[in-house]
1. Quick one: count up the residues across the stretch 76-110 that are at pLDDT 85 or above and among the small types (Gly, Ala, Ser).
2. Do you know which of the residues in the stretch 86-127 that are among the acidic types (Asp, Glu) and in a helix (DSSP H, G or I) is nearest to Asn152 (Cα to Cα)?
3. Just to be sure, is Lys52 more than 30 Å from Ile111 (Cβ to Cβ) and of a type in the set (Lys, Arg)?
4. Give the stretch 128-147 a look and list any residue that's part of a loop (DSSP other than H, G, I, E, B) and of a type in the set (Val, Ile, Thr), or say none.
5. Taking into account only those residues within the stretch 119-157 that are farther than 20 Å from Asp86 by Cα, free of Cβ contacts under 8 Å to residues at least 12 places away in the same chain and among the polar types (S, T, N, Q), which is surrounded by the most Cβ atoms within 10 Å (Cβ to Cβ)?
6. I'd like to check something: does the stretch 64-76 contain any residue that is of a type outside the set (Lys, Arg), in the same structural domain as Ile150 (by TED's automatic domain parsing) and over 22 Å from Tyr155 (Cα atoms)?
7. Just to be sure, is Arg83 basic (Lys, Arg), surrounded by 13 or more Cβ atoms within 10 Å (Cβ to Cβ), assigned to a helix (DSSP H, G or I) and within 32 Å of the chain's Cα centre (by Cα)?
Amino acid sequence: MFFFGQIKMIFTMLIIIGIAGAGMYVMKLRSDNAILKTNQIKLEQSIESQTKLLEQQKIDFEAIMEHNKQMNILVKNLQEDLRQLDKRFTKKGRDFGKLAIKKPSLVEKIINKASERAQRCVEIASGAPLTEAEINATKKSEINTECPSIANPNYKAYAVE
């Protein structure tokens, strides 16, 4: 009988140890589950953050492309203004150097006025706002002859030969 009592005691101890082990296993699973939930929340937040970042990058890219397009238009207009300026210096076989030797004070006045207009062109190309007079200029006498395409948007040039 003593032997049966020991077997019962061993069997009871095994059951208690099994129940305790199962309880600890369930607690470990709950702990792991809590960790996985936390990781899932962090992952979802990260995905949301990345999605917002990608959307912002798309918006930024579109803005850059629009500014690039505007810059290309500005460059094209400035190139046309430069071509027109070159035509003015070489009009009818004119030699500006010889004119400068013959009439230096006249050329000095012309160059100083042109320098002021060219400086304003640089300011506008750098982002300075147009004045009311520049916006409203429609006559040749009112425009900035160095860069009319950017300084005077309402001026329409007529063909000059």
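The values are calculated or read from the model by the stated rules, or taken from the named source; none is laboratory data. As the structure is a prediction and not an experimental result, all values here were calculated from the model. Neighbour counts run over all protein chains shown; Cβ positions are idealised from the backbone, glycine included.
1. Matching residues across the stretch 76-110 total 1.
2. Within the stretch 86-127, the subset among the acidic types (Asp, Glu) is 86, 95, 108, 116, 123.
Then drop every residue that is not in a helix (DSSP H, G or I), which leaves 86, 108, 116, 123.
Values: Asp86: 19, Glu108: 25, Glu116: 15, Glu123: 14 Å.
Per the stated criteria, the residue is Glu123.
3. On the way: more than 30 Å from Ile111 (Cβ to Cβ): yes; of a type in the set (Lys, Arg): yes.
So Lys52 passes the test.
4. First, pick out the residues of the stretch 128-147 that are part of a loop (DSSP other than H, G, I, E, B): 128-131, 137-139, 143-147.
Across the stretch 128-147, the qualifying residues are Thr131, Thr138, Ile143, Thr145.
5. Among them, the one singled out is Thr131.
6. Of all residues in the stretch 64-76, those of a type outside the set (Lys, Arg) come to 64-68, 70-75.
Right, trim to in the same structural domain as Ile150 (by TED's automatic domain parsing) and you get none.
Scanning the stretch 64-76 turns up no residue that is of a type outside the set (Lys, Arg), in the same structural domain as Ile150 (by TED's automatic domain parsing) and over 22 Å from Tyr155 (Cα atoms).
7. Working: basic (Lys, Arg): yes; surrounded by 13 or more Cβ atoms within 10 Å (Cβ to Cβ): no; assigned to a helix (DSSP H, G or I): yes; within 32 Å of the chain's Cα centre (by Cα): yes.
Spelling it out, it is not the case that Arg83 is basic (Lys, Arg), surrounded by 13 or more Cβ atoms within 10 Å (Cβ to Cβ), assigned to a helix (DSSP H, G or I) and within 32 Å of the chain's Cα centre (by Cα).
Every residue, every condition in (1) over 48 Å from the mean Cα position of the chain (by Cα); (2) among the β-branched types (Val, Ile, Thr); (3) outside any helix (DSSP H, G or I), yes or no:
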{"residue": "Ala22", "(1), (2), (3)": "yes, no, no"}
{"residue": "Met27", "(1), (2), (3)": "yes, no, no"}
{"residue": "Ser31", "(1), (2), (3)": "no, no, no"}
{"residue": "Ile35", "(1), (2), (3)": "no, yes, no"}
{"residue": "Ile41", "(1), (2), (3)": "no, yes, no"}
{"residue": "Gln45", "(1), (2), (3)": "no, no, no"}
{"residue": "Thr51", "(1), (2), (3)": "no, yes, no"}
{"residue": "Gln56", "(1), (2), (3)": "no, no, no"}
{"residue": "Phe61", "(1), (2), (3)": "no, no, no"}
